[in-house]
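The values are calculated or read from the model by the stated rules, or taken from the named source; none is laboratory data. This structure is a prediction, so every number in the text was calculated from the model and none was measured. With ideal geometry, Cβ positions are generated from the backbone for all residues, glycine too; neighbour counts draw on all protein chains shown.
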Amino acid sequence: MDKLVWTSPTIETLKNFRELPFKGSDTSWVNIFLLRRKYKLETAVHDGVLFRRYHGKSPNRQGYGFPLSAEKLDTEKVFSILRQDAADSDGIKFCLCDEEQKSVLSEHFNIEWDSDPGDCDYIYECEKWHDFSGKRYSRLRNRANMFERLYPASEYFPIDSESRLRDALYVAQVWQEEHKDKSMPGEELDEELNCIMDAVKYWQELGMIGGVLYVDGSPVAAEMASFLSADCVDLHFDKAVSRFAAAGATVVSRRSFAASGIVGDRQFFNLEEDMNIPGLRQSKETYRPAFKLSKYYGGESSC
């Protein structure tokens, strides 16, 4: 029986899985790398299949992820390998599986599934963000108009140089300072900042894209993203300095990012999860998701 050899994820290993036919943020090779420490992620590669194993603090971040491959899976072989691997640990558990993946796994394992609403990915149509036209987007359009009245000389640029990347990092660091002890626990903020620092450090290697919004030459909002699939972009980090965010900087920055050509011909944005944070959930709903991608976790029943 083939045995999996587990290691910490590396860019060299993951770059062979750059664009897979999935829209879930957890299937992003960039996210697998950036979140490797947060969830004590391990990966193994066998016959062109990427296996993942999560060791997070909560049950919805513990167990195997769905095996990833650009080709059609030989499910009998792949799941036999997983079952053998699990025999050496504490049994079969899965996490971060979407509806289709859950269905496939349920044909091979007797999993008792559960879900956490905070794990749903918010997926948006890029085209809708180009100008936020129509009644459904009137609130966003009004905020963008307010920002442009207040700051008519604002400018948006793609992250195409070290100086732009430093400006994006500056926005993220200011945002972190402003949100200490507020919207997110301090530990979560520290973990996110570590991920942001890694994104900056390995920007070129990870194929990251993004943009920065400026007011009077100062950076006030920024996006850091990557190509998730042939039709979807993952927005990993999307921040704005608070006083400018209150005036609509986030709306203008996202609109500029969508309309700038930075994302190419991708049709969708994945704005990732809301982590059950009420304010974050309200904000993500305001941008009118085309759909939400539910995710499931669970362990094999003994029955």
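Taking the criterion of being surrounded by 20 or more Cβ atoms within 10 Å (Cβ to Cβ) and among the acidic types (D, E), would at least one residue in the stretch 284-300 satisfy it?
Within the stretch 284-300 (the criterion being surrounded by 20 or more Cβ atoms within 10 Å (Cβ to Cβ) and among the acidic types (D, E)), the answer is no, since none of the residues qualifies.
Surrounded by 21 or more Cβ atoms within 10 Å (Cβ to Cβ) and touching a helix residue (DSSP H, G or I) at 6+ places or on another chain (Cβ under 6 Å): which single residue out of V233, V200, V220 fits that description?
Numbers: V233 fails: touching a helix residue (DSSP H, G or I) at 6+ places or on another chain (Cβ under 6 Å); V200 fails: surrounded by 21 or more Cβ atoms within 10 Å (Cβ to Cβ).
Answer to the check: V220.
Restricting attention to strands (runs of 3 or more DSSP E) lying wholly within the stretch 167-262, give those where 2 or more residues are touching a strand residue (DSSP E or B) at 6+ places or on another chain (Cβ under 7 Å), of a type in the set (G, A, S) and in the same structural domain as F147 (by TED's automatic domain parsing).
Values: elements: 209-215, 218-229, 232-240.
It comes to 209-215, 218-229.
Right, F147: closer than 13 Å to L213 by Cβ, at pLDDT 95 or above and in a helix (DSSP H, G or I) or not? Spell out the reasoning first.
Numbers: closer than 13 Å to L213 by Cβ: yes; at pLDDT 95 or above: yes; in a helix (DSSP H, G or I): yes.
Yes: the conditions hold for F147.
Name the single residue that is surrounded by the most Cβ atoms within 10 Å (Cβ to Cβ) among those in the stretch 150-166 being in a helix (DSSP H, G or I) and aliphatic (A, V, I, L, M). Walk me through it before giving the result.
Residues of the stretch 150-166 that are in a helix (DSSP H, G or I), as a first pass: 150, 162-166.
Next, only the ones that are aliphatic (A, V, I, L, M) stay: 150, 165.
On the way: L150: 13, L165: 21.
Among those residues, the one meeting the criterion is L165.
Looking only at the stretch 96-132, count every residue that is assigned to a helix (DSSP H, G or I) and surrounded by 18 or more Cβ atoms within 10 Å (Cβ to Cβ) and tell me the total.
The first filter runs over the stretch 96-132 and keeps only residues assigned to a helix (DSSP H, G or I), leaving 99-106, 117-119, 126-129.
Filter once more, so that each one left must be surrounded by 18 or more Cβ atoms within 10 Å (Cβ to Cβ): 101-102, 105, 119, 126, 128-129.
Residues that pass the stated criteria total 7.
Regarding A259, is this residue farther than 20 Å from R136 by Cβ and among the aliphatic types (A, V, I, L, M)?
Working: farther than 20 Å from R136 by Cβ: no; among the aliphatic types (A, V, I, L, M): yes.
So A259 fails the test.
K40: free of Cβ contacts under 8 Å to residues at least 60 places away in the same chain, outside the structural domain of H236 (by TED's automatic domain parsing) and closer than 22 Å to D121 by Cα, yes or no? Don't jump to the end; show me each part of the working.
Numbers: free of Cβ contacts under 8 Å to residues at least 60 places away in the same chain: yes; outside the structural domain of H236 (by TED's automatic domain parsing): yes; closer than 22 Å to D121 by Cα: yes.
Yes: the conditions hold for K40.
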